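The values are calculated or read from the model by the stated rules, or taken from the named source; none is laboratory data. Nothing here was measured: the structure is a model prediction, and the numbers come from that model. Note: ideal-geometry Cβ built from the backbone for every residue, glycine included; neighbour counts use all protein chains shown.
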Amino acid sequence: MKKFFLSFVFISIFFLFSFADEWQELYDTVRTYYFDGDYSKSEIKAKEHVDYTIKNFSPKSIELAHTYNNIGLAYEKLSDRKNAAEYYQKAYEIAKIIYDENDDTLKKYKENYDRVK
């Protein structure tokens, strides 16, 4: 029974890190398109990233907040303030659950939202 439990723990940790690595790869792809100035492709890939993130992490995870913020960044560069505000607000609302009010990430998400609302 002890071997089974240890095997289960090991496999669980492996899958957790596997999801984290894949998430990071997707995140990096979104950011690459953004920094290359391909904001439309960044927005499209970021929306695909939302589906992956919700499926593999909590709907209130910081990973999802980061992904929403990336969508907001792309919309802002595309001069779509309405959609940018929507996604910045989503990022900010999740970050408020996770971070305390003095956290730099929370402050940045609030600044992004305030800039376009």
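Going by the conditions given, is residue 57 of a type in the set (Phe, Trp, Tyr) and at pLDDT below 90? Break it down into steps so the answer makes sense when it comes.
On the way: of a type in the set (Phe, Trp, Tyr): yes; at pLDDT below 90: yes.
Against the criterion (of a type in the set (Phe, Trp, Tyr) and at pLDDT below 90), residue 57 qualifies.
Identify, by number, the condition in (1) out of contact with any His (no Cβ under 6 Å at 6 or more places or on another chain); (2) assigned to a helix (DSSP H, G or I) that residue 37 doesn't meet.
Exception for residue 37: condition (2).
Quick check on segment 94-117: of everything there that is out of contact with any Lys or Arg (no Cβ under 6 Å at 6 or more places or on another chain) and surrounded by fewer than 13 Cβ atoms within 10 Å (Cβ to Cβ), which residue is nearest to residue 82 (Cα to Cα)? So that I can check it myself, show each step before the final result.
If we filter segment 94-117 for residues that are out of contact with any Lys or Arg (no Cβ under 6 Å at 6 or more places or on another chain), which is where we start, we get 95-96, 98-115, 117.
From what's left, surrounded by fewer than 13 Cβ atoms within 10 Å (Cβ to Cβ): 100-102, 104, 111, 114, 117.
On the way: 100: 27, 101: 25, 102: 27, 104: 24, 111: 15, 114: 12, 117: 7 Å.
Checked segment 94-117; the qualifying residue nearest to residue 82 (Cα to Cα) is 117.
Quick one: in segment 49-82, which of the residues that are free of Cβ contacts under 8 Å to residues at least 12 places away in the same chain and assigned to a loop (DSSP other than H, G, I, E, B) is nearest to residue 94 (Cα to Cα)?
Selected residue: 59.
When you check residue 76 against the structure, is it in contact with a Lys or Arg (Cβ under 9 Å, 6 or more places away or on another chain), at pLDDT 90 or above and either surrounded by 17 or more Cβ atoms within 10 Å (Cβ to Cβ) or of a type in the set (Gly, Ala, Ser) (or both), yes or no?
Numbers: in contact with a Lys or Arg (Cβ under 9 Å, 6 or more places away or on another chain): yes; at pLDDT 90 or above: yes; either surrounded by 17 or more Cβ atoms within 10 Å (Cβ to Cβ) or of a type in the set (Gly, Ala, Ser) (or both): yes.
Judged against the criteria, residue 76 is a match.
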